[in-house]
Amino acid sequence: MELDRTRRMRCIRLAVLAVTWVALTIGSPAQAQSVAELAAYAGADRTQRLIEGARKENALMIYSSMTVSDMGALIGAFQAKYGIKAQHWRGSSEDIRNRVTREYSASRYDADLAETAGPDMEAMVREQVLQKVVTPVSKELIPQATFAHGQWISTRLSVFAGAYNTNIIKPADAPKTYEDLLHPRFKGKLAIEAEDANWFMSVVLHMGEEKGLKLFRDIVAANGVSIRRGHTLLANLVPTGEVPLALTAYSYRVEQLKNEGAPIEIVYLPPPVGFPTGIGMFKRAPHPHAALLFQDFILTDGQKILAEREAVPTNSTVKAAPAGLIFVDLPRFMDEGGKWTKLFRETFTGR
């Protein structure tokens with residue numbers, strides 16, 4: 001009788017283990033599916049559903065290369081509006097991508113969102129760790145900010161801009177096109193940043209590869225182009241007169257200098273080129289409601305905060321983008337970066 005009882009207890013334990021195993025086996029796909037369904041939900045109650053779910057989660061982990069102070073301002077405003085706790089782990093864009101790749105390989109799912117430079121966001125698309133998201137907020141953004149794959153969306157831009165010293169070059173003499181740079185009045189006055197092969201690819205392909213390469217080679221041959229390392233340095237050298245005309249300064253720094261009273265003016269030679277930074281939710285985000293709510297927040301209320309902190313937002317209701325703006329084709333540059341880096345160096349340095 002004691003033996004029968006022991007057998008019954010053993011059978012019960014085995015049954016419990018079997019049920020637990022089944023639950024664990026099907027649990028992960030169910031969770032992944034619910035994240036995907038939530039990310040695709042576009043009903044009229046979407047925002048309210050996200051708020052209610054996020055308050056139950058009451059947690060959010062963001063991996064971002066944004067400065068601590070800038071992300072702190074965003075998180076503070078988000079928490080004040082919704083009462084949801086959020087954390088920020090800061091690293092370079094490459095650090096973020098490598099950390100997420102390691103975590104997913106180890107079946108660890110700590111992060112909800114990544115917000116970092118476009119090339120590494122695009123690399124994470126290829127590594128299949130980002131979730132496709134449908135958000136009604138995209139209609140407020142410039143069209144280039146939303147990508148066909150839907151796995152990340154641009155939050156802010158680095159816009160390549162021409163910048164000239166107004167004490168040396170008068171507005172009437174400033175170039176309006178790249179062809180204008182062939183004029184002898186620009187001899188010895190031109191400079192670019194040393195690593196801007198992605199800008200070069202974008203402009204040359206827009207012109208037509210053969211035509212564009214010839215034009216820039218002709219500009220270098222006629223008037224020369226000096227190379228400076230660092231976009232901030234390049235912009236800072238314009239007011240001093242050391243660089244009378246910078247071709248690839250970042251627009252936000254030019255505007256900062258202009259607002260400080262420096263003798264500098266911005267000029268967008270067509271096509272103006274934008275280098276995107278963006279945000280995306282991970283496929284196994286542990287707090288998907290909060291992640292989607294924060295993504296919508298950074299693309300709406302957060303855009304004003306970013307603009308106040310000198311970033312270039314992608315929400316057209318906050319600040320208009322330069323006319324005719326194009327984005328760096330990130331997938332193409334990832335595939336052809338070696339070619340365009342070589343062409344860039346050969347064109348501007350002769351090496």
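When the C-alpha to C-alpha distance is required to be over 29 Å, the pairs from Lys258/Lys319; Lys283/Lys339; Lys170/Lys319; Lys132/Lys304 that qualify are Lys283/Lys339. Prolate is the label for the chain, because a/c, from the alpha-carbon gyration tensor with a ≥ b ≥ c as root eigenvalues, is 1.5 or above and a/b exceeds b/c.
Can you tally the net charge around Arg49? Count Lys and Arg as +1, Asp and Glu as -1, for every other residue whose Cβ sits under 14 Å from the Cβ of Arg49. Net charge around Arg49: -2.
Counting only DSSP H runs of at least 4 residues, each contributing -39500 (n - 2.57), and dividing by the residue count of the chain, the helix-based mean residue ellipticity at 222 nm comes to -16000 deg cm²/dmol.
The angle between the Cα long axis of helix 288-298 and the main principal axis of the chain comes to about 20°, on a 0 to 90 degree scale. Against the main long axis of the alpha-carbon atoms of the chain, helix 330-349 sits at an angle near 30°. A dipole drawn for the range 240-351 from +1 and -1 charges on Cβ atoms has a positive end, and of Ile305, Gly338, Gly278 the residue lying farthest that way is Gly338. Our summary gives the chain a relative contact order of 26 percent, counting only alpha carbon pairs under 8 angstrom and 6 or more residues apart. State the Cα centre-to-centre distance between the range 223-253 and the range 116-169 in whole Å. Here the answer is 24 Å between Cα centres.
Read the figures in this text as sums done on the coordinates, not as results from a lab. Every value quoted in this text rests on a predicted model; they were computed, and no experiment measured them. Every residue, glycine among them, receives a Cβ derived from its backbone with ideal geometry; neighbour counts consider all protein chains shown.
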